[in-house]
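The values are calculated or read from the model by the stated rules, or taken from the named source; none is laboratory data. Because the structure is predicted, anything quoted here is derived from the model rather than measured. We place every Cβ from the backbone using ideal geometry, glycine too, and count neighbours over all the protein chains shown. Side chains included, ligands, DNA and RNA excluded: accessible areas come from the protein's heavy atoms. Shrake-Rupley method; radii C 1.70, N 1.55, O 1.52, S 1.80 Å.
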Amino acid sequence: MTVCRLCGSSDLTGVVDLGATPPCERILTAGQLDEPEVTYPLHLRVCTSCWLAQIPPLISPEETFTDYAYFSSYSTSWVEHARSFVAGLALRPDSFVVEVASNDGYLLRHVVERGVRCLGIEPSVNVGAAAREKGVPTVTAFLTPESARAVVREHGTADYVVANNVYAHIPDVVGFTEGLRTLVADDGLVSIEVQHLLTLIEGNQYDTIYHEHFQYYTVASAQRALAGGGLTVVDVELLPTHGGSIRLWAKPAETAEPPSRLVSDVLALEKAAGLHELSGYVGFANRVAKVRRDLLRFLVDAAEDGKTVVGYGAPGKGNTLLNHCGIRPDLLAYTVDRNPYKHGKFTPGARIPILEPDRIAADRPDYVLVLPWNLRDELIEQLSYVRHWGGRLVFPIPALEIV
């Protein structure tokens with residue numbers, strides 16, 4: 001990577017190098033276990049001109065999202081998060097809501113329930129089909145300025161454009177943002193949720209760095225990115241989702257009012273953490289190395305003591321963790337996942353078997369390593385039965401914790 005994808009500067013500085021890993025969503029079938037896997041460097045850098053943190057675009061969105069293994073509706077807390085968001089929108093009977101990267105209709109189904117017109121734009125054929133089966137109108141497309149114009153020609157502009165957990169997934173930041181601007185009415189609002197780089201750095205959340213995430217935002221870098229496509233940030237909310245996210249509210253630049261006080265407050269938090277200069281990134285790589293050492297030490301000690309350890313979840317972030325730590329089935333016998341699409345398959349790189357959730361109760365392991373640690377409260381409740389035989393939950397991030 002030689003230049004910043006946002007501002008074109010060549011002033012890129014390394015933050016953490018996680019080696020080379022396969023793309024985190026390319027789970028394997030049994031028939032692929034004897035085949036080679038392609039790996040790609042996973043090196044996070046920050047641009048010291050615009051402060052966008054980023055990795056090289058070594059894989060294309062088409063490679064990842066045309067047929068996708070993630071279905072949002074399998075997370076109870078995420079569905080509730082979406083329901084609450086929709087409930088807070090000032091929707092009228094004649095409103096029009098568009099969601100970009102609408103997945104399986106987890107959010108727009110709540111708009112449908114309110115009798116309001118909506119449309120999902122989802123690139124993954126399989127999850128888009130699942131949305132349509134739920135009654136959520138969905139077109140199969142990647143958002144570009146061209147596809148946005150096609151939607152507007154057929155459906156008109158939207159009062160609300162929602163883009164949750166997708167703004168990090170697109171290498172063409174400016175083109176995608178121009179697509180958002182095309183979709184939204186001149187007096188409309190764009191809502192973007194994305195992980196906050198502040199909590200990623202402060203919480204050692206390095207497993208959220210993977211090839212499908214091309215960039216990592218502060219409010220400051222997001223302001224610059226949105227401005228490049230004709231949108232102005234007018235408000236921001238701090239959210240607990242994904243270990244700490246920001247919800248950016250933006251309007252077309254020509255109609256936007258001055259940013260709220262909260263925008264200034266969050267910018268001040270980022271500045272105090274050193275994220276608008278290099279000082280905030282120094283030491284992150286050393287903290288990442290400690291997370292790795294502590295987890296490996298626990299797994300090796302458990303194996304030598306004859307204890308059984310299995311995983312819960314097979315999220316993308318878990319695959320970064322497993323591969324960076326070099327964890328294999330001798331240390332983690334298997335993991336389970338609620339998504340039937342993944343059952344009987346294997347995690348990329350580490351090749352950990354992915355089984356159905358009821359295997360945990362059947363096998364009664366000593367420890368369950370929770371890979372989607374960001375769903376901590378939800379999963380502590382879901383896995384409460386583990387305590388019945390004296391089992392314990394293990395959370396690897398931000399620091400090793402045995403519950």
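Relative to the longest principal axis of the C-alpha atoms of the chain, give the angle of the C-alpha long axis of helix 316-325, reported between 0 and 90° and rounded to the nearest 10°. Taking Cα atoms only, the helix is inclined about 40 degrees.
Between Glu146 and Glu356, residue separation times 0.36 nm minus the direct Cα-Cα distance comes to 71.5 nm.
In this structure Ile170 has an accessible area near 20 Å², from a 1.4 Å probe over the protein heavy atoms. Rolling a 1.4 angstrom probe over the range 125-278 with all protein chains present gives an accessible area of which 55% lies on carbon and sulfur atoms. Against the main long axis of the alpha-carbon atoms of the chain, helix 145-155 sits at an angle near 70°.
Calculate how large, on average over all directions, the projected area of the Cα convex hull of the chain is; give the answer in nm² to one decimal. Present the calculation step by step, with values, prior to reporting the outcome.
Values: hull surface 77.3 nm².
Seen from a random direction, the Cα hull of the chain projects 19.3 nm² on average.
Pairs of lysine residues in the chain that meet both criteria, 8 or more places apart or on different chains and Cα atoms under 28 Å apart, total 13. Distance between the 7 Å Cα→Cβ label points at Val300 and Glu154: 5.7 nm.
Between Val194 and Asn165, Ile246, Leu248, the built amide H atoms are under 5 Å apart, and every one of these is 5 or more places off in sequence or on another chain.
Looking at the chain, the accessible area is 39 square angstrom per residue; that uses a 1.4 Å probe and ignores ligands, DNA and RNA. A convex hull fitted around the alpha carbon atoms of the range 213-329 yields 137 Å³ per residue.
Under Stokes-Einstein, with the Kirkwood radius over Cα pairs standing in for Rh, what whole-number D in µm²/s applies to the range 287-365 at 25 °C and 0.890 mPa s? Please list the in-between numbers first.
On the way: Rh = 12.9 Å.
Result for D is 190 µm²/s.
Taking the accessible area of the range 1-63, probe 1.4 Å, and keeping the other protein chains in place, the carbon and sulfur fraction comes to 50%. Full extension of the chain segment joining Ala333 with Asp186 gains 47.5 nm, where the gain is 0.36 nm per residue of separation less the Cα-Cα distance. Using Cα atoms only, what is the angle between the long axis of helix 261-272 and the major principal axis of the chain, expressed in degrees (0 to 90) to the nearest 10? Once rounded, one gets 40 degrees.
Basic side chains Lys and Arg get +1 at the Cβ, acidic Asp and Glu get -1 at the Cβ, and with that the dipole of the chain about its Cα centre reaches some 360 debye. Using 0.36 nm per residue and subtracting the Cα-Cα separation, the extra length available between Arg293 and Glu133 on full extension is 53.1 nm.
Each of Thr308, Ser260, Ser84 was placed along the dipole of the chain (beta-carbon charges, centred on the mean Cα), and the one lying farthest toward the positive end is Thr308.
Calculate, for Glu254 and Glu80, the FRET efficiency according to 1/(1 + (r/R0)^6) with r their C-beta to C-beta distance and R0 30 Å; round to the nearest 0.05. Mind showing how you got there, number by number?
Working: r = 36 Å, r/R0 = 1.20.
Plugging the Cβ-Cβ distance into 1/(1 + (r/R0)^6) gives 0.25.
The Cα atoms of the range 104-212 give a gyration tensor whose axes a ≥ b ≥ c have a/c of 1.5 or more with a/b greater than b/c, which makes the shape prolate.
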